[in-house]
1. Kindly state, to the nearest 0.05, the FRET efficiency for Arg135 paired with Ser513, given R0 = 22 Å and r defined as their beta-carbon distance.
2. Quick one, could you list the DSSP H helices from the chain stretching 15 Å or more along their long axis (Cα atoms) with average Kyte-Doolittle hydropathy of 1.0 or above?
3. Can you list, largest first and rounded to whole Å, the semi-axes you get for region 75-183 by taking the square root of 5 times each eigenvalue of its Cα gyration tensor?
4. For the chain, max minus min Cα coordinate along each principal axis, in Å, sorted largest first?
5. Sort 276-282, 305-311 by the packing proxy (mean of other Cβ within 10 Å over each peptide's residues), most packed first.
6. Give me the net charge of Val107's neighbourhood, meaning all other residues with Cβ under 11 Å from the Cβ of Val107; Lys, Arg count +1, Asp, Glu -1.
7. Lys341 to Val501: extension gain in nm, 0.36 nm per residue of separation minus the Cα-Cα distance?
8. Using the Cβ atoms and a cut-off under 10 Å, what net charge is assigned to the surroundings of Asp377, where Lys and Arg are +1 and Asp and Glu are -1?
Amino acid sequence: MTITLAAAVPRVEAAEGLRLSLSGLDVVLIVIYFAFVIGIGFALRRAIATSTDFFLSGRSLPAWVTGIAFISANLGAIEILGMSASGAQYGISIVHYYWIGAVPAMVFLGVVMMPFYYGSRVRSVPEYLLRRYDRKTHLVNAIIFVLASVLIAGVNLYALSAVLEALLGIPLAVAIVVSALFVLSYIMLGGLSSAIYNEVMQFFVILAGLIPVVIVALKLTGGIGGLFAKLSTSGGDFTSAWAGTNIGGHNPIGDWVSLVFGLSFCLSFGYWTTNFAEVQRAMSAKDDNSARLTPIIGAFPKALIPLGIVIPGMAAVLLIPGLGEGGGLAYNYAIPALMNKYLPTGVLGVALTGLLAAFMAGMAANVSSFNAVWTYDIWQDYIRPGRPDSYYLRVGRVTTVVGVFIGILTAFIAAGYTNIANYLQTLFSFFNVPIFLAFIVGMLWRKAGRGSGFWGMVVGTLVAFGTWLLYKAQVLSFRSDLAETQWGAIFGFVAGLIAMVIATRFDTPKPLSELNGLVVGMQQRDVQTTTRVAWYRSPVLLGAGALLLCALLYLFIAVV
């Protein structure tokens, strides 16, 4: 789940002494990577003939491509820097944000929700709400998503630029503009296909950058067992995922109630099943089964990612003197600091390229989903309906340019915050859960009223936001900011559900004839996958395998 736990990218003054001295080989590797990125855009340019080609890749991509792109789109600046920082600050408990806070929701999306999205042939996540409820529910969701997309794109852009300034000495303003224009160029050339194929390449580049850091960090600290033994002096909570999570305990991540119901269900399902930046990748798949496999294929690397992000962050506590302390580097520079200190020429260039690839993947995912929702769900439905497809293709290209430039502006807004985690949580944490509520109730309850989704989202958002306000005013007390987001999500979900039930009593449900493909029992299967698929391509079987992998990883860190 993409929620930054520690302070995200801090002001660059804190990174003095981190400046890299790249060799000629390092620079050549970086230049080759950028050339490949632009080359993919040019190669796919001729394939863009319709708006569906531009926004959904013509629904033609195989499952392995969309699956890798699905997880790569999530590996942005917030993930690489934020989660490694959280590993350094909070310890191994951060794995909960992967093993119960991401993978189960990804499996649920593939097994349960993708048949609705893909079978109903909606072009975006908000469009589902339009068909299931009414126009006001659809418009509220579309506006919220558009605003969130450009703001998060700005955060990724700022993080990329801050690292470029800290590591290479490029002025922040220059880095922001140049980075934005580069992402703009390859999305404009090849649309979503360009973003997706670049995300596939970026995924392997990210791995190439992280694996050397993991190897060096574990070698220097005596393996995972040696690392945990050395860090156990910081307290049992730091090296035990579940220690202190009992009711009344002291683990800052939260107690088991908030972890299971707040993180694992409300926050995680709210993000992974309704965030169009992710779902868009699955919608671009060539058939129903490929769409269902997309998040499940992504779930396997997602389960293993903590080994490449959280573990190095924990090792940095031992290997980078003064990390997170006054006068030292901020936690968020844990991985860049390890790269700078321990990686040799050539490997350093690969690792830095991996960081840049992660940041660009995150921004590109938000920009490509922003242009689809703005064009389809706002411009076409409310501003200029009934125009030919070529008109909306042009609108989509213009929207991409506008979205990137808004991202530049929001990057400068993000630069004014010393803690981007607070910035993101303040803006977004109370939106995901009420939207998921509207989706899941609408899919499971045929009699939900036309306007109930709107009231569920509004009331749920207000209650979650109110919980945050009361916490900041010290009227309510939680063990940490993280615990507050979990309990706020629970309160928002319950309040929104009550509001939907009440609204339904004073409203009329849609007739069944209008719910075809939108609710349980009335799903529509894509004609290309009506034939029986091989057992090893079963979403249910592979989803069970991903959940089993998470259970085994929990067992591993418990006995190591």
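1. 0.75
2. 24-44, 135-168, 172-221, 288-319, 347-373, 389-414, 432-444, 452-472, 481-505, 539-559
3. Listed largest to smallest, the semi-axes of region 75-183 are 33, 23, 11 Å.
4. For the chain, the Cα spread along each principal axis is 65, 57, 49 Å.
5. Descending packing order for the listed peptides: 276-282, 305-311.
6. Net charge around Val107: +2.
7. Full-extension gain reported as 51.9 nm.
8. Neighbourhood net charge equals -1.
The values are calculated or read from the model by the stated rules, or taken from the named source; none is laboratory data. In this text, all values refer to a predicted model and were calculated from it rather than measured experimentally. Because the Cβ atoms are built from the backbone with ideal geometry, glycine has one as well, and the counts that use them run over all protein chains shown. With ligands, DNA and RNA removed, areas are computed over all heavy atoms of the protein, side chains included. Shrake-Rupley method; radii C 1.70, N 1.55, O 1.52, S 1.80 Å.
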